[in-house]
Amino acid sequence: MSPGYRPHTVIFDFEKAEEQALQTALPFATIHGCFFQFKQALWRKIQELGWGKAEIEGLHNYLKMFVALTFVDTANVPAFFNQLAQRFLEIFGNGDSEGPHVAFINYMERNWIGKDFMPHDFRCQCGTVKI
């Protein structure tokens, strides 16, 4: 990056330390998360939860809806997430309060939706910036 260069928009991979460094170094830049990295993080969690291929195929459309939250206006993300999570658990949770479906919702809430994490602009961008 050239000395004095001040980008208007920066895309990062959702590392908290990276986000804080960018906010400090580029206080006037709009910071977005990378859509690809977000999808990869969700996919890793899905694999970690141990769902089989057939189960993932059954959940596929709902899992895509969680990914699509990145295209919702940031102010509306918590409400859309709550509706989607409730429906997801009604359909797939089987009343199990500790199963993988609940673990996935808890992961989403803790890591992506919660007040402590959600970037100012949760919406992801496609593409990368080389620094």
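Just so it is clear, none of the values below were taken in a lab; they were calculated from the coordinates. Source: prediction; values computed, not measured. No Cβ is skipped: glycine too gets one built from the backbone with ideal geometry, and neighbour counts run over all protein chains shown.
With a point put 7 Å past each Cα toward its Cβ, work out how far His8 is from Lys45 in nm, to one decimal.
The two pseudo-label positions are separated by 3.2 nm.
Sequence-distant or interchain residues sharing an amide H contact under 5 Å with Gly33, placed H: which?
Distant-sequence amide H within range of Gly33: Phe12, Gln125.
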